[in-house]
Amino acid sequence: MTGILQDVRYGLRQLCRAPGFAVITVLTLALGIGATTAMFSLVDGALFRSLPYPHAEELVSVGVMAPIIDGEFLFAGAYFGWRRQQTSFSGFTSSTGVNDCDLTDDRPARVTCAAVESTFLPTFGVQPVLGRNFTAEEDRPDAPKVVLLSYGLWQSRFGGDPRIVGATIPLDGRAARIVGVLPRDFEFPTLAHVGLVVPQALDESLEQRHEMGPVVRVYGRMKPGLRIEAVTAQLQPLFQGFVESAPPPFRKVLRLQVHSIRDLQVHDSRVSAWLLLFSALAVLLIACANVANLVFAHSTGRRHELAVRSALGAGRARLFRQRLTESILLGLLGGLAGCGLAYAIVRGLIALAPLGIPRLLDASVNGRALLVGVAFSIGAALAVGTLPALEKPAMESLAATTATGVRRARLRQVLIAGQVWMTVILLAGALLFLRSLRNLQTQPLGMNTQNVVTAELTLGQQKYPQAAQRLAFFDELEGRLKQLPGMASVALSDSLPPNEPARTMPFVAIVAEGRPPLTPEQGIGGVVGWRAVTPDYFSTLGISLLRGRPFAEGDRRSGSNAIILNQALAQKLFPGEESLRKSVRFHLDETALTPPYTVIGVTGNTQNQGLGGSAGPEYYMVRRHGTDDVIFRYPNSQHVSIVARSAMDPQTVGNELREAVAGIDSTLPVESTTLGQTVYRLAARPRFSASLLTLFAGLGLLLAAAGIYGLVSLLVSQRVPEIAIRVALGATPGSVVRMMVLQVSVWIALGASAGILFSLSAARWVRALLFGVKPNDPLTIAAAAFALLAVSLVAAYVPARRAAKVDPMVALHYE
């Protein structure tokens, strides 16, 4: 222990004697360690942190995938059958989802309610911190209503009162008894925010008599020792039964899916999370290579000292331990500074981060992250200090030597090639993501987003349970909106582009005049979206009408069946034909059809699949002034989107829209924004990833340039006599510069070539994250390599140019 303390004290004195070297080394390590620790903190929750359930690795999401429903699902009747027959799970449960609900006491508020089966909490191993779970008897349609409070709602609305269990609250106009409080770390498997948990109250005997029924999400706890592959195989007979009960056109598109809860939560964020973490690690490796070159340069100046210590009897192990101790001190100092930098980076990134990245808002530089930072610090110290420490100076170092310098120069050049290699990869990735982001943001939307303000609201179930009540509200709202001053046009819809339509149907359910229906062998033909809109919808959004006319007030009366198609659907239904005045009908079931709808217009395609998707087929129906309106057949008919075009300030327009709603019902919350902001937010996640990759690529480029500059400066200092002699014998400054630059250009070119090859081979892993650009795009990768080469050559040229100006007499006299 005494020897170690001596090494530490001696190492600190050595660092104090070379403050410039110590500061640059610590700052370089701090950049790499800080960036990597920060990225680990951001992705820890999504990739590594244990889920808040006992034996979480046993939990899976189970269901059938079909194009008409997002995510895996089962119909309630099929679920009850699977629950009885399955043998792979110790727990098997379901949920009908998370929806808005209203607390209707003297402080009305809209919250979210997760409707789950009574076996849901036991399956996930969740125990209420107060009270109990609801029972199977309470999970029935005719049972008195009970609820469990989330921990956050218990604290914020009820002040954490432990006597809350047994109290009654009004929920959606009905009395509900509180039976328990969920733990602080309760997490719904889809990561949806949950304020209350309520029984889903399905009638098993009733649902089993229906072929379809409500859609449920199914979760299971696998029996110990089983793997997902084995469970999937064991569920195949049940899945085949589901397929055989489905309508023939759907059988080709159904597939069974069983995946872990972590996969359910992370889904498309996994690749981008790993990409960002690997990018940060690349910055750390570039920093380590830079520091290794600094350590080699510093140890070159200490060869005489080390040779003296060796001559006085210091063994190789003793010298190794001393020099490794100095490197570890540098690593720990860099790690300490890096963890502080990581804290600032994480706070800044959370403030700028978009929604939708799993657990990102909960990220922090916690104990796990600090341990990772320490591990990175020690790893970096070992990486940059081991090779210099292994070298034992020969006695000849007391005079002069060149062999060691040549070996060190070769190693430093290899390190530079490694830096260039990783920097090219980072630059190529950043340029690919920046090009993808530009393509995403300049994608034609098929509408005019300028001066358009939107608002969203949802009517409460307790106040507006009937279609007539909702219709009266919407009609009065539309009348008030049209009377607002300064509005060029206003319209209502159930959803707005570029988001996906609120409702879809399979193409096979549409019967077009004069066209044969799809056969079962042709499948469902894809999915068609549709929106219910008021007549001014197209003019308000600036959607072009290619043929025909828009909706008119006369189309809103009962019995008037007008429909408008977008160009994609018109071409699909009536290829090579004029679609105007043709009729389409819709399947209500396998045999029954709706009355015919007449096509009165064809619009241009609008982006209706989110940014990055292709415009899909879509049709529009007009919102009628009657309860026979098609929207009232759907459970989400209480939701409405308002869209207004005005030259006034968007905030003023938003306030007027809210006041119009408040004039009818002051308790309804209204969310207002501009359509431009909505489009901007849709690109938030790719923008966040592109920004981080650009930051890492910039850091890598800066560190690589600094490393090349330092290497050439060192080569210049070692070859001053040679350069002086060359100049004295008539060498021109240009030839000296070429000689010095060419000495490192070979290694820069080797590193760049390796980076190009690696980028081309690894590009397929990011294909799903890009839009409008190929992952192995040669122009982008060539641009990355050219940028790196240009910066590298400039970094090499500056010290080489300085060497060419050396005065031969001064240099030789000094030697």
inquiry  = Can you confirm whether E553 is acidic (D, E), out of contact with any Lys or Arg (no Cβ under 6 Å at 6 or more places or on another chain) and modelled with pLDDT under 85?
reply    = no
note = Within segment 467-490, residues being touching a helix residue (DSSP H, G or I) at 6+ places or on another chain (Cβ under 6 Å) and either open to solvent by 30 Å² or more (accessible area, probe 1.4 Å) or part of a helix (DSSP H, G or I) (or both) number 4
task = Count, please, the residues in segment 201-232 that happen to be more than 31 Å from the chain's Cα centre (by Cα) and part of a loop (DSSP other than H, G, I, E, B).
result = 12
ask   = Of T598, T606, T540, which residue is of a type in the set (V, I, T) and part of a loop (DSSP other than H, G, I, E, B)?
value = T606
ask   = Limited to segment 563-594, what total is found for residues that are polar (S, T, N, Q) and over 18 Å from L518 (Cα atoms)?
value = 3
inquiry  = within 22 Å of L693 (Cβ to Cβ), at pLDDT 80 or above and of a type in the set (V, I, T): is that true of I425 in this structure?
reply    = yes
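Quick grid of which residues meet (1) outside any loop (DSSP other than H, G, I, E, B); (2) open to solvent by 30 Å² or more (accessible area, probe 1.4 Å):
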{"site": "Q155", "(1), (2)": "yes, yes"}
{"site": "R163", "(1), (2)": "yes, yes"}
{"site": "G166", "(1), (2)": "no, yes"}
{"site": "I169", "(1), (2)": "yes, no"}
{"site": "R177", "(1), (2)": "yes, yes"}
{"site": "F188", "(1), (2)": "no, no"}
{"site": "L191", "(1), (2)": "no, yes"}
query = Applying the selection to segment 38-92, what residues are in contact with a His (Cβ under 9 Å, 6 or more places away or on another chain) and of a type in the set (S, T, N, Q)?
reply = S61
Filtered residues of segment 578-607 (kept if touching a residue at least 40 places away in the same chain (Cβ under 8 Å) and farther than 28 Å from P248 by Cα) = V599, I600, G601, V602, T603, G604, N605, T606, Q607
task = Out of the residues in segment 664-686 that are in a loop (DSSP other than H, G, I, E, B) and of a type in the set (A, V, I, L, M), state the one that is farthest from D536 (Cα to Cα).
result = A683
inquiry  = Tell me the residue from L206, L235 that is among the hydrophobic types (A, V, I, L, M, F, W, C) and either buried (at least 19 other Cβ atoms within 10 Å of the Cβ) or modelled with pLDDT of 90 or more (or both), please.
reply    = L235
inquiry  = I'm checking my understanding of the structure. Among residues of segment 438-466 that are at pLDDT 90 or above, touching a helix residue (DSSP H, G or I) at 6+ places or on another chain (Cβ under 6 Å) and not in a strand (DSSP E or B), which one is farthest from T678 (Cα to Cα)?
reply    = M447
inquiry  = Please count how many residues of segment 757-786 are open to solvent by 40 Å² or more (accessible area, probe 1.4 Å) and either in a helix (DSSP H, G or I) or closer than 18 Å to W747 by Cα (or both).
reply    = 14
query = Quick one: in segment 586-624, which of the residues that are of a type in the set (D, E, K, R) and more than 14 Å from S560 (Cα to Cα) is modelled with the lowest pLDDT?
reply = E590
query = Which residues, taken from segment 580-598, are closer than 19 Å to L545 by Cα and open to solvent by 80 Å² or more (accessible area, probe 1.4 Å)?
reply = R581
remark   = Expected output for segment 540-565 (first residue touching a residue at least 40 places away in the same chain (Cβ under 8 Å) and more than 26 Å from A615 (Cα to Cα), partner part of a strand (DSSP E or B) and open to solvent by less than 40 Å² (accessible area, probe 1.4 Å), Cβ below 8 Å, 6+ apart or cross-chain) is D555/A562; D555/I600; D555/V622; R556/V622
Candidate set: segment 787-806, residues that are open to solvent by less than 50 Å² (accessible area, probe 1.4 Å) and not aliphatic (A, V, I, L, M); chosen: the one modelled with the highest pLDDT = S792
note = The lone condition T87 fails out of (1) β-branched (V, I, T); (2) open to solvent by 10 Å² or more (accessible area, probe 1.4 Å); (3) assigned to a strand (DSSP E or B) is (3)
task = Restrict the check to segment 21-43 and report whether at least one residue is in a loop (DSSP other than H, G, I, E, B) and farther than 21 Å from A192 by Cβ.
result = no
inquiry  = Suppose we filter segment 657-675 for residues that are over 36 Å from the mean Cα position of the chain (by Cα) and among the hydroxyl-bearing types (S, T, Y); how many remain?
reply    = 1
message = open to solvent by 10 Å² or more (accessible area, probe 1.4 Å), modelled with pLDDT of 90 or more and of a type in the set (G, A, S): which single residue out of S493, S544 fits that description?
response = S544
request  = Might you let me know whether segment 646-663 holds any residue that is open to solvent by 20 Å² or more (accessible area, probe 1.4 Å), out of contact with any Lys or Arg (no Cβ under 6 Å at 6 or more places or on another chain), of a type in the set (K, R) and more than 20 Å from Y537 (Cα to Cα)?
outcome  = no
message = Being part of a strand (DSSP E or B), out of contact with any helix residue (DSSP H, G or I) (no Cβ under 8 Å at 6 or more places or on another chain) and more than 18 Å from I178 (Cβ to Cβ) is the requirement here; does D100 meet it?
response = yes
request  = Determine which member of the set E656, E618 is touching a Gly at 6+ places or on another chain (Cβ under 6 Å), more than 21 Å from Y680 (Cα to Cα) and touching a residue at least 60 places away in the same chain (Cβ under 8 Å).
outcome  = E618
key: Of residues in segment 250-304 being at pLDDT below 80 and open to solvent by 40 Å² or more (accessible area, probe 1.4 Å), the one farthest from M422 (Cα to Cα)   = H304
request  = Filter segment 496-518 down to residues that are more than 30 Å from the chain's Cα centre (by Cα) and open to solvent by 60 Å² or more (accessible area, probe 1.4 Å), then give me how many there are.
outcome  = 5
ask   = If we keep just the residues of segment 726-751 that are part of a helix (DSSP H, G or I) and small (G, A, S), which is most open to solvent (accessible area, probe 1.4 Å)?
value = A728
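Every residue, every condition in (1) under 20 Å from L206 (Cα atoms); (2) modelled with pLDDT under 90; (3) among the small types (G, A, S), yes or no:
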| residue | (1), (2), (3) |
| --- | --- |
| T112 | no, no, no |
| F124 | no, no, no |
| V129 | no, no, no |
| A136 | yes, no, yes |
| D139 | yes, no, no |
Set A46, A78: member being closer than 30 Å to A287 by Cα, buried (at least 20 other Cβ atoms within 10 Å of the Cβ) and either modelled with pLDDT of 90 or more or among the small types (G, A, S) (or both) = A46
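The values are calculated or read from the model by the stated rules, or taken from the named source; none is laboratory data. Treat the numbers as computed from the prediction; the structure is a model and nothing was measured. When we count neighbours, we look across all protein chains shown, and the Cβ atoms used for this are built from the backbone with ideal geometry, even at glycine. Quick note on the areas: whole protein, heavy atoms, side chains included, nothing else; ligands and nucleic acids left out. Shrake-Rupley method; radii C 1.70, N 1.55, O 1.52, S 1.80 Å.
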